1. Just one of (1) under 21 Å from the mean Cα position of the chain (by Cα); (2) surrounded by fewer than 21 Cβ atoms within 10 Å (Cβ to Cβ) trips up E338, so point out which.
2. With respect to the numbered conditions (1) open to solvent by less than 20 Å² (accessible area, probe 1.4 Å); (2) of a type in the set (G, A, S); (3) over 30 Å from V44 (Cα atoms), which one is the sole condition not fulfilled by G350?
3. Could you please find all residues in the stretch 273-303 being part of a loop (DSSP other than H, G, I, E, B), away from the ligand (no atom under 11 Å from the Cβ) and farther than 20 Å from V44 by Cβ?
4. Where in the stretch 316-358 are there strands (runs of 3 or more DSSP E), lying fully within it, with 1 or more residues that are among the acidic types (D, E) and in contact (Cβ under 8 Å) with a residue 24 or more places away in the chain?
5. Contact list please: Cβ distance under 6 Å, first residue in the stretch 118-147 and away from the ligand (no atom under 14 Å from the Cβ), second residue not in a loop (DSSP other than H, G, I, E, B), pairs at least six apart or on different chains.
6. Looking at V298 and the list (1) under 21 Å from the mean Cα position of the chain (by Cα); (2) open to solvent by 10 Å² or more (accessible area, probe 1.4 Å); (3) modelled with pLDDT of 95 or more, which single condition is not satisfied?
7. Consider G36 against the criteria (1) in contact with a Pro (Cβ under 9 Å, 6 or more places away or on another chain); (2) open to solvent by less than 10 Å² (accessible area, probe 1.4 Å): it satisfies all of them except one. Which criterion is unmet?
8. Would you please name the residue that is farthest from L421 (Cα to Cα), looking only at residues in the stretch 1-46 that are away from the ligand (no atom under 16 Å from the Cβ) and charged (D, E, K, R)?
Amino acid sequence: MPAVVLVGAQWGDEGKGKATDLLGGDVDYVVRYQGGNNAGHTVVIGDQKYALHLLPTGVLSPDVVPVIGNGVVIDPGVLLSEIDGLAARGIDCGRLLISANAHLIMPHHKAIDKVSERFLGKAKIGTTGRGIGPAYGDKIYRVGVRVQDLLDPGILSQKIEAALTEKNQILTKIYNRRGLEATKVLDEYLGYAERLRPHIADTSLILGKALDEGKVVLLEGGQGTLLDIDHGTYPFVTSSSPTSGGACAGSGIPPNRLTRVIGILKAYTTRVGSGPFPTELLDEQGEWLRQTGGEYGVTTGRNRRCGWFDAVIARYATRINGVTDFFLTKLDVLSGLERIPVCVAYDVNGVRHDEIPMTQTEFHHATPIYEELPGWQEDITSAKTFDDLPPNAQSYVRALEEMSGAPISAIGVGPGRTQTLQIRSLL
Ligand code: IMP
């Protein structure tokens, strides 16, 4: 009864889609457990490239049941257009299950996300503007609208009325925007209800039974460890728990049923949006990484901030998530460098820190202490096994493994499905 969690070990965009896809053939259920359409997974199959935001990547494998867990916030319009987009390319989403307890992103969440960011000015988070934070805010505040409310028009109408009575005051009086009409919102969401009804299910029950029957469940996190609401670089974080603990809360699968925690680790570091990033490169080296690695956001198209590998972050991810294995992605991007700096610790006002400093203020002042590792010139994109890698690439992987504190069990050497070196099984 393996239940395997895939979690981003940095600030998201580590290439989780590729890892999910690698396991696709052996997996029965793929579950998204948090986040919403702020995420973006790119999966390349043959000459086809798929960018998924809300649907679990398992949707691309015909034998997998894709599940949107209770911890996700769902924009139903976006979900349906993603389903329709895949249908137009011959991919059927009929198997999709959606937790009745997941929360819905409502039009006022999107409106408030955008205007509140503008209000913050220089202190803005740099959100994706998809309504994620306001939807989770309402969930915690206990005034959210859930997927199951779509099944009861009376309740849905009451909840929308109640929400807009308050939110329209906020939109008009604080932010000087137009309010939203409850009847229009209700009509829109009743339309979604019709199409989503066949997918709505008690997903934690289904997953519990599946594990009892020995099925393989893969839990797929969006974003990454350092964007976690509790364990990330708060307040420059997302509003959910991408870390492995969040996988349990967001799916209804208890911690003692998790069998593996796979951290997805990019061979260098990227971040989108505001917030501290000690190894960020603001020079042409950063631009080189961005261009070579194609580091442009799948969701917003924003340039990703780029920098060298940060072993302090990787060690932290190992500890917070209980990482049992790492999947190292995008190693091929580093080919051609003479030497590759790796951050092994931080200097904060003259004091060495081997762990992330306790306070936000210290972290904002952390500067990297680098060790330089020898690079390699060879193209590694057609390597099939670890032994095919040039010796310096092997040493780079071994050094990262040592510094990060968990074995690297798979390595991505290119975007394609087959460009993965598997060192040991991930199940
Ligand atoms: P939100 O999730 O839209 O509220 O954005 C909060 C922060 O998380 C911002 O810095 C976003 O850029 C970042 N973020 C959200 N989703 C992703 C992702 O999938 N990859 C990388 N950063 C993300």
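The values are calculated or read from the model by the stated rules, or taken from the named source; none is laboratory data. Keep in mind that this is a model prediction, so the values were computed, not measured. Counting neighbours? That spans all protein chains shown, and the Cβs are built from the backbone with ideal geometry, glycine included. When the accessible area is computed, the model is the full protein with side chains, heavy atoms only, and any ligands, DNA or RNA have been set aside. Shrake-Rupley method; radii C 1.70, N 1.55, O 1.52, S 1.80 Å.
1. So E338 meets the others, but not (1).
2. Result: G350 passes all but (1).
3. Residues satisfying the conditions are P276, P278, T279, L281, L282, D283.
4. Numbers: elements: 325-329, 339-348, 351-353.
Where strands (runs of 3 or more DSSP E) fall fully within the stretch 316-358 and carry at least 1 residues being among the acidic types (D, E) and in contact (Cβ under 8 Å) with a residue 24 or more places away in the chain, they are 325-329.
5. G144/H103; G144/D138; V145/L104; V145/K159; R146/H103; V147/I98; V147/I200
6. If we test V298 against (1) under 21 Å from the mean Cα position of the chain (by Cα); (2) open to solvent by 10 Å² or more (accessible area, probe 1.4 Å); (3) modelled with pLDDT of 95 or more, just (3) comes out false.
7. Going through the list (1) in contact with a Pro (Cβ under 9 Å, 6 or more places away or on another chain); (2) open to solvent by less than 10 Å² (accessible area, probe 1.4 Å), G36 breaks only (1).
8. Taking the stretch 1-46 and keeping what is away from the ligand (no atom under 16 Å from the Cβ), we get 1-5, 21-31, 44-46.
Filter again for charged (D, E, K, R), leaving 21, 26, 28.
On the way: D21: 14, D26: 17, D28: 23 Å.
Here the answer is D28.
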